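One structure below.
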Amino acid sequence: MLSVSDAFSLTQQHLLQLPTEQVPLLEAQNRVLRQAVRADRDFPPFDRVSMDGIAIRYADFLTGQREFPIIGTQFAGQPQQIMPEAGTCLEVMTGAMLPVGVDTVVRYEDLRIAENRATITIDDLEAGQNIHRRATDRRMGNELLSIGTWLGPSELAVAASVGQTQLTVTTLPRIALISTGDELVDLGDTPLPYQIRRSNTYMLRAALKAVGINATLHHIVDDEAVLKDRLETLLSENDVLILSGGVSAGKADFVPTALAQLGVQKHFHKIEQRPGKPLWFGTKSGETTPDPDRINPDRAVFALPGNPVSTVLCAYRYVLPYLRMSMGLALAPVRYAQLGKPVVFKPAITYFLPVQLASNPNGQTVAHPLPGSGSADFANLLAADAFIELPANQSEFGAGEAFQIWLT
Ligand code: AMP
Ligand code: MG
């Protein structure tokens, strides 16, 4: 069987090649940038006043002058003014261009103003203070946002500040989330004693939504022919299928056979891990798509075991990193936490334990294993912040030992 890291690298070897598209800036939130965004002018574009007050010549202050006649006001959004003579001052507002002939700004808090004269009430001034000099943040032409940037609020503000009305981003993958299982009924239905409501696909929908993807929901009964038929259609309409259930060794677990019959090439089935051992991953390439704009017809299929905790683990450990990378994002930075208490786990497989995170007074992250960790129920995950990955080659894990964590 396959190790966790080998399974993970197999997924990374079969990333989707998603095309790009242009979207208006207002619609670019939570998308992945596929163009560089450069400064169209210097940042700031002029010597900018950064405090409300007066602007003077520092040389005048050095001669001992403290009282300055006010000969005008430079507001933000006005063309640059000129100080007519030495020994005078101009009132200046935050965001205004620094007038010609002055070089130092004294804020109102350090002034007394009466009868159109400003008196400086402090003894120390720094030459050039309270001025944000042109091009001190970025120069025209500097790269502000690079390819592969996730577009959040600050990134969109930067794009707006350089006048990018449109942005080139990765086209979102079309994803179908498919639950399988005859015991599963929909949300609004009342389950019979032998039935349960399906919840996995709702978890997956929300997890994908958090990375900007709106996936569609589907349900298929445990019938090999029906499964094959529905999967064939869904494969033709989507870039990625994420199935839950029907992938283990049960007599109604038809998913691997159906996928094989549909020409999806299996890259792995089963990983040396708990939970989530039966995870299946494959791709299908070379088909033409009904949509002529799609330049890459590759399909990826993840079939996740139906046990809800397995589904969550497989989603955060394999599926989401795969989608992030396919969309052109870097993998999320590796994170570690120290175990809050010792754990013993004998089987020589990777053990993913749901944990609650806290920090200790040294600023280290501590992972507290949750009671009922072996359970398959979502309710037991409510308190979990992450899974801690306890490696296969170890069976006793000490309190304070650090391991990688996967945030959920
Ligand atoms: P399976 O992987 O199909 O053998 O399912 C394993 C367990 O997960 C069974 O107890 C299923 O009832 C349960 N299960 C499967 N799919 C879902 C789902 N979408 N929501 C909640 N539980 C599920
Ligand atoms: Mg099932």
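Only the coordinates and a few stated rules stand behind these numbers; no lab work does. None of the values given here were measured: they were computed from a predicted structure. Ideal geometry is used to build each Cβ from the backbone, glycine not excepted, and the neighbour counts take in all protein chains shown.
3J(HN,Hα) couplings calculated from phi for segment 269-282 with the Karplus curve 6.51 cos²θ - 1.76 cosθ + 1.60 (θ = phi - 60°) are, in sequence order, 9, 5, 10, 6, 8, 9, x, x, 3, x, 3, 10, 9, x Hz; Gly and Pro show x. Note that segment 260-266 has calculated 3J(HN,Hα) couplings of 4, 5, 8, x, 7, 7, 6 Hz, one per residue in order, obtained from phi through the Karplus relation 6.51 cos²θ - 1.76 cosθ + 1.60 (θ = phi - 60°); glycine and proline are x. 3J(HN,Hα) couplings calculated from phi for segment 345-351 with the Karplus curve 6.51 cos²θ - 1.76 cosθ + 1.60 (θ = phi - 60°) are, in sequence order, 9, 6, x, 7, 9, 6, 10 Hz; Gly and Pro show x.
Over segment 208-275, what portion of Cα pair distances is larger than 19 Å, expressed as a whole percent? Taking all Cα-Cα pairs of segment 208-275, the fraction more than 19 Å apart is 39 percent. Close amide-amide hydrogen proximity is noted between ARG134 and ASP47, ARG48, each under 5 Å apart and 5 or more residues distant or on a separate chain (H modeled in the peptide plane; Pro and chain starts excluded).
Beta bridges per DSSP, both residues in segment 335-407: antiparallel share near 90 percent.
Along each principal axis, taking the top coordinate minus the bottom one, the Cα set of segment 335-407 gives 33, 30, 18 Å in descending order. Over segment 48-132, the pair-distance histogram of Cα-Cα distances with 5 Å bins from zero comes to 3, 18, 31, 29, 16, 3, 0 percent, rounded to whole numbers. Rounded to the nearest 20 debye, the dipole size of segment 294-351 about its Cα centre is 100 debye, using +1 on the Cβ of Lys and Arg and -1 on the Cβ of Asp and Glu. Pairing the Cα long axis of helix 200-209 with the longest principal axis of the chain, what angle in degrees results, from 0 to 90 and rounded to the nearest 10? It works out to around 20 degrees. Reducing segment 1-60 and segment 173-191 to their Cα centroids gives an inter-centroid distance of 38 Å. Pair-distance distribution of the chain: all C-alpha pairs, bin width 10 Å, starting at 0; shares per bin in whole percent are 4, 17, 20, 17, 13, 10, 10, 7, 2, 0.
Computed from label points 7 Å out along Cα-Cβ, the spacing between LEU187 and GLU396 is 4.9 nm. Beta-bridge orientation, the chain: approximately 70 percent antiparallel, per DSSP, counting only bridges with both partners inside. Close Lys pairs in the chain (alpha-carbon distance under 18 Å; sequence gap of 8 or more, or different chains): 8.
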